[in-house]
Amino acid sequence: MRIILIGPPGAGKGTQAQRLVEHYGIVHLSTGEMLRQAVREQTDSGREAAAYMDAGQLVPDEIIFKLVDERLHREQHAKGVLFDGFPRNLAQARTLDRTGPPLDATIELSVPDAEVIRRLSGRRRTDDEPAVIGERLKTFRNATRPLLEYYREKGLLRSIDGMGTPEQVFERIRAVLDGPARPARQE
C-alpha cells in the first residue's frame, strides 16, 4: 500500500500518519521529520535545509529527493509506505510516479487556515512563529495545491475533513481506504 498524506502545516498529518502506520503496518516516510533530524544531526543536507526551513520556505527538490531516495532504499521490503510531506510539487509527484509501485490513494486533510493558525500557535517549534506560519500557508497554497488537481485527475484524491477529534478524522480516512472499491487508477 502506497499512500500520500497532503494537508497544510498543522492539519494533523503527523497524528494521522502514526495511526495509519500502526493500523496498516506500513512505513511512515515524513520528509519534515527527516529534514528536522538532518538539521539536528548537522548533516550537509541538514545545514543546507535549515536556512530554507527557518524562513518558512520549501527545501529544494534536490535535497528532498536525496533524503526520500535513501529512505526508500532502506525500506524497500516494507508492506507499504505512507508519504507525509512528499511530494510537495508537481515535479516531485512526477518523479514519485516513476519510482516503485503505483500509488493507492492520496489523502487530503482539509483544515481551514484559521484553524491551522490556532493549532500551530500552540506548538513550540521555531518554524511555528506567527510570521513563519503565514509564509508556510502561502507556500502551501502556491506550491502544493496543484498536487490536488494532479491526483484528482488520476482518480487518486480523497479529501477528508480534518476537523474533529483525531479519532474521528482517522475513522474518516480508514473508511475511505477500506471502503467500497475505488475507481480504477489512471496510470
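With a 1.4 Å probe and every protein chain kept in, tell me what percent of the accessible surface of the range 1-138 is carbon plus sulfur.
Details: 3430 of 6870 Å².
Ligands and nucleic acids excluded, carbon and sulfur give 50 percent.
At what distance in nm do the modelled label points of R98 and A131 sit from each other, each positioned 7 Å from its Cα along Cα→Cβ?
Placing both labels 7 Å along Cα→Cβ, they lie 3.9 nm apart.
Two decimals, Cα atoms only, Kirkwood Rh: what is Rg/Rh over the chain?
Result: Rg/Rh = 0.94.
Once the Cα atoms of the range 57-101 are picked out, what are the Rg and Dmax in Å?
Calculated on Cα positions, Rg and Dmax stand at 10.6, 33 Å.
Distance between Cα centroids, the range 78-96 to the range 28-52: provide it in whole Å.
Each part's Cα centre sits 17 Å from the other's.
Which order do the peptides 108-114, 82-88, 37-43 take when ranked by the mean count of other beta-carbon atoms within 10 Å per residue, highest first?
Working: 108-114: 16.3, 82-88: 23.3, 37-43: 13.4.
The densest-packed peptide leads the list: 82-88, 108-114, 37-43.
Can you return the lysines within cross-link range of K13? Criterion is Cα-Cα under 19 Å, with same-chain partners fewer than 8 residues away left out.
K138
Whole-Å semi-axes of the range 100-187's equivalent ellipsoid, largest first, each the root of 5 times a Cα gyration tensor eigenvalue? Don't jump to the answer; show the numbers that get you there.
Details: eigenvalues 157, 60, 19 Å².
Equivalent ellipsoid semi-axes, largest first: 28, 17, 10 Å.
Suppose every K and R has +1 on its Cβ and every D and E has -1 on its Cβ; what is the size of the dipole of the range 1-92 about the Cα centre, in Debye to the nearest 20? Could the numbers behind the result be given before it?
On the way: 11 positive and 12 negative charges, 66 e Å.
Dipole about the Cα centre, nearest 20: 320 debye.
How far apart, in nm, are two points set 7 Å out from the Cα along the Cα-to-Cβ line at T15 and at A55?
Each label point lies 7 Å from its Cα, and together they span 3.2 nm.
Using a/c under 1.5 as the rounded threshold, could you call the range 18-62 rounded, prolate or oblate? The axes a ≥ b ≥ c are square roots of the C-alpha gyration tensor eigenvalues, and prolate needs a/b larger than b/c, oblate otherwise. All intermediate terms of the calculation are to be shown ahead of the outcome.
Numbers: a/c = 2.94, a/b = 2.26, b/c = 1.30.
It is prolate, given that a/c is not under 1.5 and a/b is the larger ratio.
The values are calculated or read from the model by the stated rules, or taken from the named source; none is laboratory data. All values derive from a computational prediction rather than experimental measurement. Cβ coordinates were reconstructed from backbone atoms using ideal geometry, including for glycine residues, and neighbour counts include every protein chain displayed. Surface areas here come from the heavy atoms of the whole protein model, side chains and all, with no ligands, DNA or RNA. Shrake-Rupley method; radii C 1.70, N 1.55, O 1.52, S 1.80 Å.
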